[in-house]
1. Can you name every residue in the stretch 25-53 that is surrounded by fewer than 16 Cβ atoms within 10 Å (Cβ to Cβ), without any contact (Cβ under 8 Å) to a residue 40 or more places away in the chain and more than 22 Å from the chain's Cα centre (by Cα)?
2. Just checking, does the stretch 433-441 include any residue being open to solvent by 10 Å² or more (accessible area, probe 1.4 Å), small (Gly, Ala, Ser) and assigned to a helix (DSSP H, G or I)?
3. Surrounded by fewer than 16 Cβ atoms within 10 Å (Cβ to Cβ), under 23 Å from LEU155 (Cα atoms) and in contact with a helix residue (DSSP H, G or I) (Cβ under 9 Å, 6 or more places away or on another chain): is that true of GLU96 in this structure?
4. Condition check: within 16 Å of the chain's Cα centre (by Cα), more than 21 Å from LEU84 (Cα to Cα) and small (Gly, Ala, Ser). Does SER376 satisfy that?
5. Looking only at the stretch 86-133, count every residue that is without any contact (Cβ under 8 Å) to a residue 60 or more places away in the chain and not in a helix (DSSP H, G or I) and tell me the total.
6. Tell me, which residue of the stretch 137-149 that is within 18 Å of CYS279 (Cβ to Cβ) and out of contact with any Asp or Glu (no Cβ under 7 Å at 6 or more places or on another chain) is most open to solvent (accessible area, probe 1.4 Å)?
7. Which residues, counting only those in the stretch 100-136, are open to solvent by 40 Å² or more (accessible area, probe 1.4 Å) and among the polar types (S, T, N, Q)?
8. Of all residues in the stretch 186-196 being part of a helix (DSSP H, G or I) and surrounded by fewer than 24 Cβ atoms within 10 Å (Cβ to Cβ), which is nearest to the chain's Cα centre (by Cα)?
Amino acid sequence: MFDTLTKYWKLHKVAILLSALGVLLYAFFAFQLVRTDFPKLLGLFTALFFIYLKLIQFEKWNLRFLVGMGVLFRLLFLLAEPNLSQDYFRFIWDGELAAQGINPYLYTPYTLIAQTDVPIANAQVLYDGMGSLSARNYSNYPPFNQLLFALASLLGGKTIFGSLLVMRTTIILADIGILYFGRKLLLYLNKSPHLIFWYFLNPLVIIELTGNLHFEGVMLFFFVWALFLTAVKKWLPAAVVYAISIGVKLVPLLFLPLVLKYFGLKKSVLFYGSVVLFCFLMVVPFYSPEFITNYSKTVGLWFSNFEFNAGLYNGIKLLAVQFDAKPWELIKTYGKITPILTIAVVLYCTFFRDTKKITVLLNAMLWVLSFYYLTSPTVHPWYLIFLVTLCIFTSFRFPIVWSGLAVLSYFAYANETFSENLWLLGLEYALLFGYMGYEIITVWGKKVFFRKN
């Protein structure tokens, strides 16, 4: 036994030491970091990203070790309060309403808090925590996500900590599911199964999903599962699982037209019909005449009112302001144009790419979503996790680079006005576009720089 441990230590001592350092840094991140301390945040994230790269470099064939480290890093956040996002207050608020049979799409927190008998445990704490912007708008979280919030409320014992624990456990289990189905899909594509660890050990994934309770991971679990079922041509189960993915986050809607050639016309019609049917069944418990109006109004705000960590939009705004354009008018106009351009890109990939092949289909999904985020006025760091997931099934790795650079956008949290530093954003996108251009030239030139499969 001792000889075995000694031999293991000699073979893996660098990775073990890096992992031990990672445990300390993640624990410090979870319990000691305040998001306004940008230098500390940047330093911690940079160190964790370096550890992430080195662990995969040294231990990429050591499945048990990397799985164990990925799970351990996540468990360190289990008892911590999210420190980079306040969205979880709204998750719990919506969950409390849904658990009591109250439709969360019909009432804003601002309206309910004015009542003397607010039917929500810890109502004032949740209301103050979510912030005025969230409090004055209707919920924008899709129906299946609301069911998960309600489950957290029911199992959480009417306490904030209990709800956090249930949600965090759900997200960790979803990540393990992504690991499972992601490896199966990689093997089906004849790619190295170790590539899944570009997702599973990514600090942005661990910090933003497990740490800050964003449900992109749950959406991605169903999405990757649906991708695997799609790859093996099991269209009906794929449609059910894909619909659930949409029911957590709406982003997978972007890719529906792309499967037209892959399944063929007849099966595609059945696939689309099944997705619509199961999405409708998820909406039924929440449906009312006001549902569509309230929900579409809230979702529309993301295209025409908010801006954060934007790439192309910030460049256009800087130029437009020079010609006396008004920023508050520009974003409304821009918000109407970008969905049209995104739809145009989707249609181009649908009809002019050979998406009968699963590899081409996955590449098309990657580039459609990349275009959408590169042109969007709002790109929160956790949005990029979808790109990280997609890229591991292709030869491109620029989303992994972007996931490391996105930490620069957190500078906005370092001041009370949440104002962004355009120099830092400029650096982020300059490095991103530089690496993306390099990959386009080398990957399409049959040279893979980041890692050969």
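1. PHE28, GLN32, PRO39, LYS40, GLY43
2. Yes, the stretch 433-441 has at least one match.
3. no
4. Yes: the conditions hold for SER376.
5. Qualifying residue count, the stretch 86-133: 16.
6. LEU147
7. Passing the criteria: GLN100, THR111, GLN115, THR116, ASN122, GLN124, SER132.
8. Per the stated criteria, the residue is LEU195.
The values are calculated or read from the model by the stated rules, or taken from the named source; none is laboratory data. The structure presented is a predicted model; accordingly, all values stated were derived computationally and were not measured. Neighbour counts run over all protein chains shown; Cβ positions are idealised from the backbone, glycine included. With ligands, DNA and RNA removed, areas are computed over all heavy atoms of the protein, side chains included. Shrake-Rupley method; radii C 1.70, N 1.55, O 1.52, S 1.80 Å.
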